Each structure stands twice: as structure tokens, then as C-alpha cells.
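The values are calculated or read from the model by the stated rules, or taken from the named source; none is laboratory data. Remember, predicted model here, so these are calculated numbers, not experimental data. So basically every Cβ, Gly included, is an ideal-geometry build from the backbone, and we count neighbours across all protein chains shown.
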Amino acid sequence: MKPILDFFSSVKLTLALLLGLSAVAVFGTIWPVEQGTILRFELYFQSLWFRLLLGLLALNLSACTWKSFARVSGEKKRLLDQLKNADPVMQKTGHDLVCQDIDELSSRLQGQGYRVTLAGDRLLARRGVMGRWALPVLHLSILVIMVGALAAQLGFVGTLNLYVTHQSEEYFDWDSETDLPLGFTFRLDHFEPQYYPIDLRFATYDKETRKQLQEFTTREGERVDISPGLSVQVQRFFPDEQHLVLDVLREGVLVGEYHSLSGERTYPNSIDLGVEVKLTAFRDPLLKQLHCKVSILENDEVVRQGIIEVNTPLVHRGVAIYQTAYSRDESGFWTCGFQLSKDPGEPLVWLGSVVLTLAILLVFFVRFCAVAIVPNGNSFCLRPLAGFRGEAGQEKLRGLAAGIGRKAPDD
């Protein structure tokens, strides 16, 4: 069993698998695909042999995770055994301490942030234990992300096209190329494209002679005076219908709305301005947002209503609904296209990504250190066990020894 575990946890196997996956990624990115009906993504990244490489990498990571968890979880017992059995590791060069009270030394080490374990006349002190767990947790988080990616295969991606006020219980699934049940009813209640403020021009005309009296250049939200004591403010302008909506104010008080249509079209307004207002020109509109009001129905009852905009989907029962297209038919009716996707593995991917980030931070910022205090004649000696490599580590050890007390050089 151990040889098998050693093989699958081998660093050489990890490097070989990563090189293989990298080679596939390079070819899958730059190599031309001659078959017009086969996508490069499906040819390389959805192939059986590529998934086999990913499976072997997951097995490799699982073996590494198991070994690292076993090593870290048994580390305290292993260090205590070294203390009790006077392991040769304990004979490393250390620093003699002035203090001869084991309880006092334990208290001083705790003051330095160490976790202290007493083993007879010896002490084991560890700090930054969370940093020791960072590597196995990092491995585990990658496995969680891979499981989440695999779980995505249980979801779907489909499309749906609807006229305003229409509803559907099915969507078109692109994998099976058939209509499949959605699990609820989706209804498009309202749609309108929203634009940035549009520069426009309108004029007032004498009702009898049809002579133009004044012309105004303005935009949405602005107010102009069309006669003494009477002003209008542009409330909305619908460029597709060339429909202008004005708020009418007398002496600054809102009295109603006035609608103006371009060309020879008229609107049955209830407010008489004394003149006729007609739209004469407007600047080409710049699309700002697509705005849909939708409803979710279950058993013929509305259970949810919401807004769908670009990059702002509606999510119901794990199904994310995005707007992807819109158009207008010859009769002027709006139709919208939606993409529907369900990814059961998404929570796992997010969880794994967050844990992975935290584990990386632990690796870099939480350093594991372990020291032993062992008898040395009539005094005690501070000896390093982990986390004190190199000149920087030795300097750190000297600082620790000074902090808990060590002999003066002339003693």
C-alpha cells in the first residue's frame, strides 16, 4: 500500500501531469481545427484523454493531501517522542538559559506566543500551527475546485426567446438540441432599451395656420418656457417610437403630461397648451442598458418578480437567467433572447477559491516554529526544531533565547 501511495503522491508524477496538461492547453489554443463542425474546446479540453489527465492529477493531489494531513496531524506526537527518547535531533546547537525553573520558562514562552506542552523535565513549544496546516488545506481547496468543475456537468446551458407578455415552461438545450422542461414558468412582462440622455429638438406651431412659432433644443430632464407662465420639462423620449413625453407646468406647478409624436401622427392629449408641439430632430441614441421586468410562476401563481439587465441576471432555483439579445418585428413588438444556465458546482468552486486564497496567505504570513527546552547539566538549553533555517532563522532563535533569558557570555 505504501509504495502505491508514494507513487501517486510523487512530485515527479505531479510535474509530468502538469507538463502534459500544459502541452494540451498550448495545442488547444493555437492549433487550427479543420473540421468546421467541431469546436477546438470540444476537440481538446472535452476529450476523454484530457479528462484522464485531470483525473490522474486529482488522484495525485488526493494522495499528497492525505500524506500532508497525516504528517501535520501527527507532528506533535512525533516531536514529543523525540523529546522523550533523547533523539539526536535534540543534540543540535542551542542556547543555554539562565532560568532554571521549568514553569517559569513555560510562562515566558507562552508570553512569546508559543503553545507549550510539558513532557517530564522537557518542554515542547510551537507557534504558528495554523501555518503548518496551510499546505494540506491548499491541496484540499484545489480538489474542491476540481469537484465543483466536475459537478458543473450536471447542469445545463440553454436559450429562450420570448415576446413581451408571453411566457414559457421550456428552454432549448444546446447539448441535446431539444426543448426541455424548465421546472417553472418564465414570463416576460415588460422590456425597454434605456439610452443615455438624448439631445433633441422640438418646435411649437400655431394650431390654425400651422406656422412654426418657436424651436427648442433640449434633452431629458431639462425645462424650457414655451409661453409666459407655461413651461414644459422633457420627461421621457422613446427614440424607437419617436415619442416625446413632456411634463406641463403652470407657474412651476405640475398640471399634467403632453405627448408628441413625429411626422403627421397625433396623440389625444387632454391638456391644451394653446399651441401644438412637434418633435423635429434628435441625435442618434447611445444604448445604456437593456431593462426587462419578468415574473416566475409556479402552479399558475406568481412566486417571484424581478429585473433582468445586462450583467444582472435573475437567479431562481439555481438557474441564472441572462438577457443576451433583443429585436423588434415588423409590427413593432419587442422580443428578447435569454440564456439560462445552471451550475451545481459553482458554490464548491467559490468555496475552494476562497479557501485557496486564505491558505496561500497562511503559507506566506504565518510561519511555523517549534523549539525544545531540554536539561543541560544544572540548567536548561533552548534547541530549534523547525522554522529557524539560515542566518535569519538563527538570528530569530537568538532573539527568542534573549527574550526568555540566557547566560551572559562571561558566566
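So which residues in region 262-279 are surrounded by fewer than 15 Cβ atoms within 10 Å (Cβ to Cβ) and within 16 Å of residue 236 (Cα to Cα), if there are any at all?
Going residue by residue through region 262-279, those that are surrounded by fewer than 15 Cβ atoms within 10 Å (Cβ to Cβ) are 263-268, 270-272, 274.
Answer for region 262-279, where residues must be surrounded by fewer than 15 Cβ atoms within 10 Å (Cβ to Cβ) and within 16 Å of residue 236 (Cα to Cα): just 267.
Since residue 134 meets every condition but one in (1) out of contact with any strand residue (DSSP E or B) (no Cβ under 6 Å at 6 or more places or on another chain); (2) surrounded by fewer than 19 Cβ atoms within 10 Å (Cβ to Cβ), which condition does it not meet?
All conditions pass for residue 134, except number (2).
Give the residue, chosen from 198, 142, 102, that is under 25 Å from residue 357 (Cβ atoms) and surrounded by 15 or more Cβ atoms within 10 Å (Cβ to Cβ). Let's see the steps before the verdict.
Numbers: 198 fails: under 25 Å from residue 357 (Cβ atoms); 102 fails: under 25 Å from residue 357 (Cβ atoms).
Of the residues listed, the single one that is under 25 Å from residue 357 (Cβ atoms) and surrounded by 15 or more Cβ atoms within 10 Å (Cβ to Cβ) is 142.
Please report, ordered by residue number, the strands (runs of 3 or more DSSP E) entirely within region 69-188 with at least 2 residues that are more than 36 Å from the chain's Cα centre (by Cα).
Values: elements: 95-97, 115-119, 122-127, 156-163, 167-173.
Fully inside region 69-188 and qualifying: 95-97, 115-119, 122-127.
Which number in (1) modelled with pLDDT under 90; (2) in a strand (DSSP E or B) marks the one condition that residue 340 misses?
Only one criterion in (1) modelled with pLDDT under 90; (2) in a strand (DSSP E or B) is unmet by residue 340, namely (1).
Sort out which residues of region 189-217 are in a loop (DSSP other than H, G, I, E, B) and either without any contact (Cβ under 8 Å) to a residue 40 or more places away in the chain or not acidic (Asp, Glu) (or both), and write them in order of number. Let's see the steps before the verdict.
Residues of region 189-217 in a loop (DSSP other than H, G, I, E, B): 196-199, 206-211.
Within region 189-217, 196, 197, 198, 207, 208, 209, 210, 211 meet the criteria.
Could you list, in sequence order, the residues of region 218-231 that are in a loop (DSSP other than H, G, I, E, B) and at pLDDT 90 or above?
Within region 218-231, the subset in a loop (DSSP other than H, G, I, E, B) is 219-222, 228-229.
222 - this is the single residue of region 218-231 that is in a loop (DSSP other than H, G, I, E, B) and at pLDDT 90 or above.
Can you tell me which residue in region 344-399 is farthest from the chain's Cα centre (by Cα), limited to those that are closer than 16 Å to residue 140 by Cβ, surrounded by fewer than 17 Cβ atoms within 10 Å (Cβ to Cβ) and aliphatic (A, V, I, L, M)?
It comes out as 363.
(1) closer than 30 Å to residue 168 by Cα; (2) touching a Leu at 6+ places or on another chain (Cβ under 6 Å); (3) of a type outside the set (Gly, Ala, Ser): which one isn't true of residue 239, the others all being true?
(2)
I'd like the full set of residues that are in a strand (DSSP E or B), surrounded by 12 or more Cβ atoms within 10 Å (Cβ to Cβ) and not hydrophobic (A, V, I, L, M, F, W, C), limited to region 309-327.
Residues satisfying the conditions are 309, 312, 316, 322, 323, 324, 326.
If you check 265, 236, 201, which single one turns out to be touching a Phe, Trp or Tyr at 6+ places or on another chain (Cβ under 8 Å) and closer than 25 Å to residue 328 by Cβ? Spell out the reasoning first.
Working: 265 fails: touching a Phe, Trp or Tyr at 6+ places or on another chain (Cβ under 8 Å); 236 fails: touching a Phe, Trp or Tyr at 6+ places or on another chain (Cβ under 8 Å).
None of the other options fit; the residue is 201.
Return yes when residue 369 is under 30 Å from residue 97 (Cα atoms), out of contact with any helix residue (DSSP H, G or I) (no Cβ under 6 Å at 6 or more places or on another chain) and not acidic (Asp, Glu) and no when it is not.
Numbers: under 30 Å from residue 97 (Cα atoms): yes; out of contact with any helix residue (DSSP H, G or I) (no Cβ under 6 Å at 6 or more places or on another chain): yes; not acidic (Asp, Glu): yes.
Yes: the conditions hold for residue 369.
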